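The structure appears right after this line, and notes come after that.
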Amino acid sequence: MQAISFKNSALFKRGIWLSAVALILFVVAPSVLNGNLWSNPLPSAIAVAMLCAALIYFFWNTQLHRLADEVLDCRDSLKVRRGRAEDTISFAQISTVEVSSSGGFHRITIRLRVRSKLGSRIEFLPQASLWSNLPAIKSLAQDLSERAHRQSI
């Protein structure tokens, strides 16, 4: 078995969410410390609402919550884990493998012929050594796609 996904994906996702919470607290903190939050909450509420709208837009575009935490290549199948859910995907179940770069993150998307426990598509960040090497990421996706094609015949 060989890991083909970023080994710290779960930590990375958790860090992004915690950073968003910290940013909201950073915006609210001056009003709380000055005592203005209760006397005139409108300016703080507007700032928090604008920040939340920007964060919702960011999370909607990046779809970080859909990323698998771990993807292991077991030669004839992929072992995928997202949170506590885990599934083994045989290459015969894979219809396509593609690379996408939404939100500034290169990710590999595996579309399945039949819905699994983790959904009809599995997305993951490739290993950190490949992040800045788009041709290597495309090569990995091509290899997975070819193996899936061979299994489906």
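The values are calculated or read from the model by the stated rules, or taken from the named source; none is laboratory data. These numbers were taken from a predicted model, which means no experiment stands behind them. When we count neighbours, we look across all protein chains shown, and the Cβ atoms used for this are built from the backbone with ideal geometry, even at glycine. Each accessible area value is taken on the protein alone, full model and side chains, heavy atoms only, with ligands, DNA and RNA left out. Shrake-Rupley method; radii C 1.70, N 1.55, O 1.52, S 1.80 Å.
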Name the residue, out of ASN40, ASN61, that is under 14 Å from the mean Cα position of the chain (by Cα) and closer than 30 Å to VAL21 by Cβ.
ASN61
Restricting attention to region 4-26, report how many residues are in a helix (DSSP H, G or I) and polar (S, T, N, Q).
2
Near pairs, Cβ below 9 angstrom, 6+ apart or cross-chain, from region 111-137 (within 17 Å of ASP69 (Cα to Cα)) to any residue that is of a type in the set (Val, Ile, Thr) and outside any strand (DSSP E or B):
PHE124/ILE4; PRO126/ILE4; PRO126/ILE137; GLN127/ILE4; LEU130/ILE137; TRP131/ILE137
Of all residues in region 54-77 being touching a residue at least 60 places away in the same chain (Cβ under 8 Å) and within 14 Å of LEU118 (Cα to Cα), which is most open to solvent (accessible area, probe 1.4 Å)?
GLU70
Quick one: PHE12 ticks every box in (1) more than 30 Å from SER116 (Cβ to Cβ); (2) modelled with pLDDT of 85 or more except a single one, so which number is it?
(1)
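If we keep just the residues of region 36-53 that are free of Cβ contacts under 8 Å to residues at least 12 places away in the same chain and open to solvent by 70 Å² or more (accessible area, probe 1.4 Å), which is nearest to HIS149 (Cα to Cα)?
Residues of region 36-53 that are free of Cβ contacts under 8 Å to residues at least 12 places away in the same chain, as a first pass: 36-42, 45-46, 49-50, 53.
Those left that are additionally open to solvent by 70 Å² or more (accessible area, probe 1.4 Å): 36, 38-40, 42, 46, 50.
On the way: ASN36: 63, TRP38: 62, SER39: 65, ASN40: 63, LEU42: 58, ILE46: 52, MET50: 47 Å.
Here the answer is MET50.
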Subset of region 100-118 [open to solvent by less than 40 Å² (accessible area, probe 1.4 Å) and touching a Leu at 6+ places or on another chain (Cβ under 8 Å)]:
ARG107, ILE108, ILE110
Looking at ALA45, ALA53, which one is outside any strand (DSSP E or B), at pLDDT below 95 and not aromatic (Phe, Trp, Tyr)?
ALA45
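Do we find that GLU86 is acidic (Asp, Glu) and in contact (Cβ under 8 Å) with a residue 40 or more places away in the chain in this structure? Reasoning before the result, please.
Working: acidic (Asp, Glu): yes; in contact (Cβ under 8 Å) with a residue 40 or more places away in the chain: no.
Considered against the rule, which asks whether it is acidic (Asp, Glu) and in contact (Cβ under 8 Å) with a residue 40 or more places away in the chain, GLU86 comes out as no.
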